[in-house]
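*Asks:* Structure provided below as structure tokens; questions to follow.
The values are calculated or read from the model by the stated rules, or taken from the named source; none is laboratory data. Computed from a prediction, not measured in an experiment: that's the story for all the values here. Here Cβ is always computed from backbone atoms with ideal geometry, including for glycine, and neighbour counts include all displayed protein chains. Areas reflect the complete protein model, heavy atoms only, side chains present, ligands, DNA and RNA absent. Shrake-Rupley method; radii C 1.70, N 1.55, O 1.52, S 1.80 Å.
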Amino acid sequence: MRNERYARHYVLQGFGEAGQQKLQAARLLVVGAGGLGCPVLQYLAAAGVGHIGIIDDDRIDLSNLHRQVLYDTADIGQAKAEVAARKLRLQNPDIEITYWVKQLKSANAAELLQSYDVILDCTDNFAARYLLCDACRLLDKPLVFGAIYQYEGQLAVFNVADDQGVKTSYRHLFPGPPSPLEAPDCNVAGVLGVLPGMIGILQATEAIKLLTGIGVILVNKLMTVNMLDHSTFTFDIPQVAPESSSYPQTLEALEDFDYIHYCASADVQIQVITATELITQWHATDLLLVDVRELYELPRLPVHHLSIPLTALPAQLEQINSARVIFICQSGKRSLTAAQYFHEQAGNNQQIFHVDGGMMALKNYLND
């Protein structure tokens with residue numbers, strides 16, 4: 001029986017009722033419910049994809065709202081995956097939504113991904129991208145990739161064979177992770193609010209094409225979109241296989257692979273401290289607290305500290321001269337990067353820590 005909701009799909013030449021039935025039978029997993037994930041989720045739910053899974057462990061922040069248009073001010077502080085699922089069910093009650101408020105990790109990736117037909121990478125960090133790359137390759141799942149940086153976006157479809165049977169992955173494009181200082185996230189570099197909307201819609205389009213068989217899929221190619229001059233370029237992804245010894249070759253090896261340390265080049269000398277532990281000792285005279293957020297980010301720390309944005313850290317290393325150094329940022333990602341960089345450059349004689357969960361965890365503790 002036809003559903004009037006999809007009337008314009010039914011009459012669309014080359015799509016029709018058969019295409020809509022394929023969407024309704026499909027299972028898609030969206031990893032990341034932020035800037036890219038919001039438009040992906042909204043358009044795939046509206047299109048009638050039968051089952052959509054959402055994975056995201058983050059909570060909605062005021063600074064998200066200029067680009068993550070699925071959320072509004074009343075949602076601040078709530079889990080993105082939960083809010084997204086609730087709103088998508090209102091948008092289209094005919095589809096099934098499953099969500100997890102958790103981080104995708106090596107130990108749970110195979111279990112979470114295995115029942116889905118297509119995976120969409122809407123993440124914002126290299127650890128998650130390499131994990132998804134390896135997991136989808138080992139599970140033989142198509143992966144629709146999107147990424148954004150300031151005014152430019154990237155789009156690709158990985159792990160799908162072309163006419164010659166060749167498949168490429170994120171590792172063919174980037175065999176190993178760059179230095180995080182060379183590729184800052186949007187917390188540091190900023191992003192034009194409409195950009196993730198553009199790239200997310202293109203990701204949703206590629207997913208629909210994969211499921212229905214319409215059009216030409218962006219297989220073994222990388223597309224870039226620049227919002228400032230309307231330029232788009234499409235490049236062939238190199239088909240030379242990356243060195244296989246540096247990443248997991250089995251699902252068992254995947255479960256034991258530490259992608260956060262792999263992408264941050266972290267080692268055992270970078271210790272983790274919780275927000276609660278920090279509060280009990282942040283007045284110690286042998287401790288220096290270094291905030292690597294940008295100067296405009298709030299809230300500010302209520303105790304003595306150094307403010308050195310991550311991008312400025314190389315030029316200001318000489319200011320950090322305490323026996324114990326604790327790096328902190330908004331969520332814990334930049335502080336781990338800063339701690340590792342400091343250790344590599346100057347920290348041979350110091351104990352170096354980073355705060356797990358960053359200011360988000362500290363803010364929650366102080367509000368209790």
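*Asks:* Within 10 Å, count the other beta carbons around each residue, average over each peptide in 272-279, 165-172, 40-47, and list them highest first.
*Replies:* 40-47, 165-172, 272-279
*Asks:* Counting C-alpha atoms alone, how compact is the stretch 38-152: give Rg to one decimal and Dmax as a whole number, in angstrom.
*Replies:* In Å, with Rg to one decimal and Dmax whole: 14.2, 40.
*Asks:* Hey, can you rank 245-251, 139-145 by average C-beta count inside 10 Å, highest first?
*Replies:* Peptide ranking by packing, descending: 139-145, 245-251.
*Asks:* Could the peptides 328-335, 191-198 be put in order, highest first, of the mean number of other beta-carbon atoms found within 10 Å of their residues?
*Replies:* Peptide ranking by packing, descending: 328-335, 191-198.
*Asks:* Of the beta bridges DSSP finds with both residues in the chain, what % are antiparallel, to the nearest 5?
*Replies:* So the antiparallel bridges amount to about 35 percent of the total.
*Asks:* While we're here: What distance in nm separates the simple spin-label points at E318 and Q239, each placed 7 Å from Cα in the Cβ direction?
*Replies:* 5.4
*Asks:* Can you give me the relative contact order of the chain as a percent, contacts being Cα pairs under 8 Å and 6 or more apart?
*Replies:* The normalised contact order for the chain reaches 14 percent.
*Asks:* How much mean residue ellipticity at 222 nm does the chain get from its helices, if each DSSP H run of length 4 or more adds -39500 (n - 2.57) and you divide by all residues, to the nearest 500 deg cm²/dmol?
*Replies:* Here the helix-only value at 222 nm equals -9500 deg cm²/dmol.
*Asks:* If you take the charge dipole of the chain about its Cα centre, with +1 on Lys and Arg Cβ and -1 on Asp and Glu Cβ, which of A26, S335, A161 is farthest toward its positive end?
*Replies:* Farthest towards the positive pole: A26.
*Asks:* How much of the accessible area of the stretch 3-74, probe 1.4 Å, is carbon plus sulfur, in whole percent?
*Replies:* Answer for the stretch 3-74: carbon and sulfur cover 49 percent of the accessible area.
*Asks:* Given Cβ point charges of +1 (Lys, Arg) and -1 (Asp, Glu) and nothing else, what value in debye, to the nearest 20, does the dipole of the chain about its Cα centre take?
*Replies:* That gives a dipole near 880 debye.
*Asks:* Could you give the accessible area per residue of the chain, probe 1.4 Å, as a whole number in Å²?
*Replies:* 46
*Asks:* Can you tell me the FRET efficiency between K167 and L90 if r is taken as the Cβ-Cβ distance and R0 is 41 Å, rounded to the nearest 0.05?
*Replies:* 0.60
*Asks:* Could you size up the charge dipole of the stretch 1-87 around its Cα centre, putting +1 on the beta carbon of Lys and Arg and -1 on that of Asp and Glu, and report it in debye to the nearest 20?
*Replies:* Magnitude of the dipole: close to 360 debye.
*Asks:* A further question follows. So I have [x] 1.00; [y] 1.19; [z] 1.04, and one of them is Cα Rg over 2.2 N^0.38 Å calculated from this model. Which one is it?
*Replies:* Computing Cα Rg over 2.2 N^0.38 Å and matching it to [x] 1.00; [y] 1.19; [z] 1.04 gives [z].
*Asks:* Give me the distance in nm between label points sitting 7 Å out from Cα along the Cα-to-Cβ direction at M227 and T250, one decimal.
*Replies:* 4.5
*Asks:* Under 20 Å between C-alpha atoms is the cut-off here; go through the chain and count lysine pairs that meet it, provided they're at least eight residues apart or on different chains.
*Replies:* Count of close lysine pairs: 18.
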